[in-house]
1. Whether any residue in the stretch 153-174 is under 30 Å from C277 (Cα atoms), assigned to a loop (DSSP other than H, G, I, E, B) and either modelled with pLDDT of 70 or more or in contact with a Phe, Trp or Tyr (Cβ under 6 Å, 6 or more places away or on another chain) (or both) is what I want to check.
2. Could you list, in sequence order, the residues of the stretch 93-130 that are modelled with pLDDT under 90 and open to solvent by 60 Å² or more (accessible area, probe 1.4 Å)?
3. Just to be sure, is R267 buried (at least 21 other Cβ atoms within 10 Å of the Cβ) and charged (D, E, K, R)?
4. Considering only residues that are in a strand (DSSP E or B) and surrounded by 17 or more Cβ atoms within 10 Å (Cβ to Cβ), which ones fall in the stretch 33-51?
5. Can you say whether Q149 is modelled with pLDDT under 90 and out of contact with any Asp or Glu (no Cβ under 9 Å at 6 or more places or on another chain), as far as the supplied structure shows?
6. Out of the residues in the stretch 185-211 meeting the condition of being over 25 Å from Q292 (Cα atoms) and open to solvent by less than 60 Å² (accessible area, probe 1.4 Å), tell me which one is nearest to the chain's Cα centre (by Cα).
7. I need every pair where a residue in the stretch 276-302 that is under 30 Å from P257 (Cβ atoms) and at pLDDT 90 or above has its Cβ under 9 Å from the Cβ of a residue that is of a type in the set (K, R) and surrounded by 13 or more Cβ atoms within 10 Å (Cβ to Cβ), sequence separation at least 6 or different chains.
8. Run K61 past the list (1) in a loop (DSSP other than H, G, I, E, B); (2) at pLDDT 85 or above; (3) over 14 Å from A157 (Cα atoms) and report the number of the one that doesn't hold.
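The values are calculated or read from the model by the stated rules, or taken from the named source; none is laboratory data. What you see is a predicted model; the values in this text were computed from it and never measured. Here Cβ is always computed from backbone atoms with ideal geometry, including for glycine, and neighbour counts include all displayed protein chains. With ligands, DNA and RNA removed, areas are computed over all heavy atoms of the protein, side chains included. Shrake-Rupley method; radii C 1.70, N 1.55, O 1.52, S 1.80 Å.
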Amino acid sequence: MLSGSVCALWIVLLSQLEIAYSSYSEDQCSWMGSGLSQQPGSVEQISLHCAEGSLDWLYPKGALRLSLSPRLPSGAVGPGGAGRSSGLITACIKPEETFRGAQIYLERDGILELLVGDRHDSPRPPRVRCFSRQPGEKVALFLQATPQQDISRRIAAFRYELRGDWNARLSLDTNTVHHEGACRPCNDTEILMAVCTSDFVVRGNIRSVLNDEDLRVSVIKVSASRVYRQKYSLFPTGGRLTKAGEIRTLLQCGVKPGAGSFLFTGRVHFGEAWLGCAPRYKDFRRAYEEAQNTHEIPCELASD
């Protein structure tokens, strides 16, 4: 049997381990902690400084206040280029499928707005929620634990992304539809800038379109004949060296399968490709060649 002094030492060590675990952070991008170590009625203050990361709150109890202050690189200032960005920061959070035990509020100027409720046993998948912050505006996320008799299986976890104003055109907040221009066709200038700044630039054909009414998202199945650029392996090689992938867009845009070749551009959010500009390839080539002739092309694209 252990002596009383040894038992006391183990208790001290375990309590210190629990405190350290509750505030675990990796290079200021992610946080993992336990509500078991929080004092009743306390609010733990957390600050993260990356453009993307995650938060895992085990056994939620009490509350957390999360400040997101990304140190964005100069290339993330938006499609207008350096010096021409509005300074707007857009943030998106994606709750995990197992999100339970807490609610997430957006705290803006002392006012709380519910972003994510406690899902309990809801079979519907959690939605991505987005919000924007003006330059100098104080914005934080406030997580409040839901009182539970049994918190043993409760984990409030989500991933976040923060960027410059490049995604102001398309919001992934599928709870509201109020962003004008999300489905508007791009003009020639926007197409050429999208080729320069997008996470993926792909020439291909639409194989099919699947509509998800719950998520209010359309999933475009694409066969790619040429991948000019891609972040991560969005369009892996399939049979006979063809490449296939999926691109998402808002259901409200009413995308339909269409014949012909398109140039697909867009951004990667939480590992998924989201559509930006998608002109027919012949329309892109016309705009590209006209810009070349007038020496107004923003960047070069490898020829076919």
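1. Start the filter on the stretch 153-174 by keeping residues that are under 30 Å from C277 (Cα atoms), which leaves 158-174.
Imposing the further condition that a residue be assigned to a loop (DSSP other than H, G, I, E, B) reduces the set to 164, 168-174.
Filter again for either modelled with pLDDT of 70 or more or in contact with a Phe, Trp or Tyr (Cβ under 6 Å, 6 or more places away or on another chain) (or both), leaving none.
Looking through the stretch 153-174, none of the residues is under 30 Å from C277 (Cα atoms), assigned to a loop (DSSP other than H, G, I, E, B) and either modelled with pLDDT of 70 or more or in contact with a Phe, Trp or Tyr (Cβ under 6 Å, 6 or more places away or on another chain) (or both).
2. E97, T98, R108, D109, G110, I111, H120, D121, P123, R124
3. Working: buried (at least 21 other Cβ atoms within 10 Å of the Cβ): yes; charged (D, E, K, R): yes.
Spelling it out, R267 is indeed buried (at least 21 other Cβ atoms within 10 Å of the Cβ) and charged (D, E, K, R).
4. Step one: list which residues in the stretch 33-51 are in a strand (DSSP E or B), which gives 33-34, 43-48.
Result: G33, S34, E44, I46, L48.
5. Working: modelled with pLDDT under 90: yes; out of contact with any Asp or Glu (no Cβ under 9 Å at 6 or more places or on another chain): yes.
Yes, satisfied.
6. Kept after step one, since they are over 25 Å from Q292 (Cα atoms), are these residues of the stretch 185-211: 205-211.
Right, trim to open to solvent by less than 60 Å² (accessible area, probe 1.4 Å) and you get 206, 208-209.
Numbers: I206: 24, S208: 25, V209: 22 Å.
My answer is V209.
7. G276/R169; G276/R267; C277/R169; Y281/R203; F284/R203
8. The number of the failed condition is (3).
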